[in-house]
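Quick notes on the structure that follows.
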Amino acid sequence: MVVVPDPVPPVTDRRTPVVLVAGLPGPAAAGVDHVAAALLGDGTVVVRHELSELREGIVRRTVRTATHTSSAVLELAHGCVSCTLRADLLPLLCTLAARDSVRRIVLALDPAFEAEAICQAIEDVVVSGVVGRVDGPAGRDVRVEAVVTCVDGQEWLTDATGEDTLAERGLATADDDRTVAQVAVGQVDFADALVVATPADPLERERLGAVLSRLAPEAPVGWFDDFTALGAAEAESLLARIPAHARRGRIFDAHAPLLRGQPPLGSECGVTLFEFAASRPFHPARLHDALDVLFEGVITARGRLWLATQPDEVVWLESAGGGLRVGSAGRWLAAMDAEEIEAADPDRRALAALRWDDTFGDRDISLVILAHDADPGEIRRALHWALVEDDELRLVERAPERVALWEDPFGEWHADPCEDAPDLFDEVAPPNHQRGEGK
């Protein structure tokens, strides 16, 4: 007699779902409040922290349900986003999750909050001092169900390709050196769903659609004449269309695949997403000169670099609009000892094994570039020119001590003629990256 075991029932995730809604300052920020209101129903709580007075140590918090609104003024000893997260937002998530009446939490994010930073804090930051709760990350009590980004279709592409900082636009304090482009690109890239106020020009809509489908290929998009046209039914439908395997707040490090979600690789309305890959390193001085091609007609570029003068370091490059950041992303597996390799991510080791070189190991170059008004062929030629030539490659292999003497503008990290430029990716650099200088 064969005994067939009973099927194992699926594990139910009892954590309270959290929906984060983000948008740039301006019309999209008003869209954030409208989307949050559209999601407000029985069992849903909407939380908003107003950070315009953060520099003075004051945060205004509003908590709304379908039947009640409460407001509080918080005075922080240190007026910063991190303190707001630790001192109030994360403990509040844990407190709300413990209530039987709360079935969903919606965070209507102030533009000063980065959705990615909040998601990482939910998983990693220990919350202490909540009565009746054992200290630990908020991720034990809540889970990120979705990140929704509001896009002002009339202005987003201009914002995503510009050079202005938030402070220069009067949208942040003087010590906030993030650029508008950084925030615009980061919000869309991290989104599970997009709510777009449609541009008036049909051609601009097609062009914006081509950009969004490449930057967030799996995110369902809701197009509306303006944000007020989104109702509760449309908002819930949009969340329901998010694929089961969507990102939902997960943080990817520098060694994750760069082309996620199978984005279109053909050209559409002049918009092209393409990869530049090479199995030999860049000459750092020539790369420094070649990077200018990433500042005109390019929305974003990101990826891993191999510099001839830094054979042990994985160098991460990330750009948005007219600014760029270069920094360290750890070491190549080929530069690690056996114990370090064993501790490395198994997926990274598996991918490296597929392309392992007997001489250089897993070292290579992989960049993904999203252009909207530039010739991909010209960008490829400029980057190819920056690679080491055959005689230089022989030096890389046989005389690394001589290569180490080459001029390297990225050595300290990167100070080019960039003294007056903003340091871009302070908030959104991949985990464990060192800060770099802006170009």
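The values are calculated or read from the model by the stated rules, or taken from the named source; none is laboratory data. A quick note: this is a predicted structure, and the numbers were derived from the prediction, not measured. Positions of Cβ are backbone-derived with ideal geometry, glycine not excepted, and every protein chain shown enters the neighbour counts. We work out accessible area using only protein heavy atoms, side chains counted, and drop any ligands, DNA or RNA first. Shrake-Rupley method; radii C 1.70, N 1.55, O 1.52, S 1.80 Å.
Per-structure values
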read-out: Rg/Rg_globular for the stretch 123-200, with Rg_globular taken as 2.2 N^0.38 Å and Rg from C-alpha atoms; value: 1.51
read-out: Two-site label geometry, A277 and A200: point separation in nm, points 7 Å out along Cα→Cβ; value: 4.5
read-out: The chain: most fluctuating residue of A277, A353, A97 per GNM, C-alpha cutoff 10 Å; value: A353
read-out: Principal axis box of the stretch 321-370, alpha-carbon based, largest edge first, Å; value: 41, 20, 19
read-out: Solvent exposure, largest accessible area first (probe 1.4 Å, DNA, RNA and ligands not counted), of R349, R178, R286, R55; value: R55, R349, R286, R178
read-out: For the stretch 267-404, the spread of Cα positions along each principal axis, largest first, Å; value: 48, 34, 23
read-out: For the stretch 293-343, projected area of the alpha-carbon convex hull averaged over all directions, nm²; value: 4.2
read-out: Under-5 Å amide H pairs with L107, H placed in peptide plane, nonlocal only; value: V19, L20, V21, V47
read-out: Rounded to 5, the percent of DSSP beta bridges in the chain classed as antiparallel; value: 65
read-out: Environment charge of D364, counting only residues whose C-beta is closer than 9 Å and scoring Lys/Arg +1, Asp/Glu -1; value: +2
read-out: Cα extents of the stretch 53-195 along the three principal axes, largest first (Å); value: 48, 34, 32
read-out: Value of relative contact order over the stretch 267-404, rounded to a whole percent, pairs C-alpha under 8 Å and six or more apart; value: 39
read-out: The stretch 267-404 - share of DSSP beta bridges that are antiparallel (%, nearest 5); value: 95
read-out: Exposure rank, largest accessible area first [S366, S279; 1.4 Å]; value: S279, S366
read-out: Simple label model, 7 Å out from Cα along Cβ direction - A343 to I251, nm; value: 1.8
read-out: Charge tally in the Cβ shell below 10 Å around P27, where Lys, Arg are +1 and Asp, Glu are -1, P27 excluded; value: -3
read-out: Amide H within-cut-off set for T165, under 5 Å, with H built and near neighbours excluded; value: V180
read-out: Helix-only mean residue ellipticity at 222 nm for the chain, each DSSP H run of n ≥ 4 adding -39500 (n - 2.57), per residue, nearest 500; value: -7500 deg cm²/dmol
read-out: Mean shadow area of the chain over all directions, Cα convex hull, nm²; value: 26.7
read-out: Length released on extending from Q120 to L259, taking residue separation times 0.36 nm less the Cα-Cα span; value: 47.9 nm
read-out: Accessible carbon and sulfur surface of the stretch 16-241 relative to its total accessible area, %, 1.4 Å; value: 49
read-out: Rel. contact order, % - alpha carbon contacts under 8 angstrom, at least six apart, the chain; value: 15
read-out: Dipole of the chain, positive end: most advanced residue of V21, V144, A277 [Cβ charges, Cα centre]; value: V144
read-out: Förster radius 30 Å - calculated FRET efficiency between R380 and R55, Cβ distance, rounded to 0.05; value: 0.10
read-out: C83 accessible area, assembled protein chains, probe 1.4 Å, Å²; value: 40
read-out: In the stretch 350-402, GluC sites (Glu not before Pro) in a DSSP loop with at most 12 other beta-carbon atoms within 10 Å; value: E389
read-out: For V127, distant residues with modelled amide H under 5 Å away; value: G136, A138
